[in-house]
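The values are calculated or read from the model by the stated rules, or taken from the named source; none is laboratory data. Here the structure is a predicted model, which is why all the values come from computation and not from measurement. Note that we place each Cβ from the backbone using ideal geometry, even for glycine, and neighbour counts take in every protein chain shown.
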Amino acid sequence: MAKTLAGVLALSIAALLFAGCGSDAKTDTTTKESWLFSLQSDGTTGFDQSSSVLSVPVGNLLGFTDRPNRVTRALTPTEFAALWTASGKDSFSADPPNASLTYWDSDGTDAVAHTVIVEITGNVSSTGNVLSMTLQILSPSGAVIPTKMYRASLFVDPHYSIFTGMGEFAYK
């Protein structure tokens, strides 16, 4: 009897452990998409220190979502700049994003990488393949962005809109 009881107990525990394995349940994708952006320069990036305008020749521009959606999409400079013309409480015009600007101080073998945390305060525009945007330095304290940068990358905070008002702009 003890062997039978132990067997039933072991079988019950195993059944409980494996319950739900192989389930066809899908990840909940009804969560509002949180889009992050990565911009890689294609050449020398310039910064006008008097107006605080960054001008980036765009090499790659990608939007991607966090879990549970896990969606990516390549963007054009025009599509990215349009995020600042959208309205609503979650738009970049209402809540300017923070970004990490990473760049090299020269194109030589002794180049040093630098990172500055900025806020993209607006006035984002695209002319051809060049994105221009006004920045405000957040950290490090006292940082100065040089007028010329090499291999620059910009990593932009989340955008919670579903890009309404931009036509069929579904990221798939």
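Just for the range 86-114: of the residues that are of a type in the set (Phe, Trp, Tyr) and within 18 Å of the chain's Cα centre (by Cα), which one is surrounded by the fewest Cβ atoms within 10 Å (Cβ to Cβ)? Let's see the steps before the verdict.
First pass over the range 86-114, keeping only residues of a type in the set (Phe, Trp, Tyr): 92, 103-104.
Of the ones still in play, those that are also within 18 Å of the chain's Cα centre (by Cα) are 92, 103.
Details: Phe92: 23, Tyr103: 25.
Filtering the range 86-114 for residues that are of a type in the set (Phe, Trp, Tyr) and within 18 Å of the chain's Cα centre (by Cα), the one surrounded by the fewest Cβ atoms within 10 Å (Cβ to Cβ) comes out as Phe92.
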Which of the residues that make up the range 59-75 are of a type outside the set (A, V, I, L, M), under 18 Å from Ser153 (Cβ atoms) and exposed (fewer than 14 other Cβ atoms within 10 Å of the Cβ)? Asn60, Thr72
Anything in the range 52-77 that is within 18 Å of Asn98 (Cα to Cα) and either of a type in the set (Gly, Ala, Ser) or in a strand (DSSP E or B) (or both)? List them, or say none. Ser52, Val53, Leu54, Ser55, Val56, Leu61, Leu62, Gly63, Phe64, Thr65
Go through (1) more than 19 Å from the chain's Cα centre (by Cα); (2) of a type in the set (Ser, Thr, Tyr); (3) not in a loop (DSSP other than H, G, I, E, B) and name the single condition Ser126 misses. (1)
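Which residue, of Ser87, Ser93, Ser106, is part of a loop (DSSP other than H, G, I, E, B) and in contact (Cβ under 8 Å) with a residue 60 or more places away in the chain? Break it down into steps so the answer makes sense when it comes.
Working: Ser93 fails: in contact (Cβ under 8 Å) with a residue 60 or more places away in the chain; Ser106 fails: in contact (Cβ under 8 Å) with a residue 60 or more places away in the chain.
Unique residue meeting the criteria: Ser87.
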The listed residue being among the aliphatic types (A, V, I, L, M), at pLDDT below 95, within 18 Å of the chain's Cα centre (by Cα) and surrounded by 12 or more Cβ atoms within 10 Å (Cβ to Cβ), out of Leu83, Leu39: Leu83
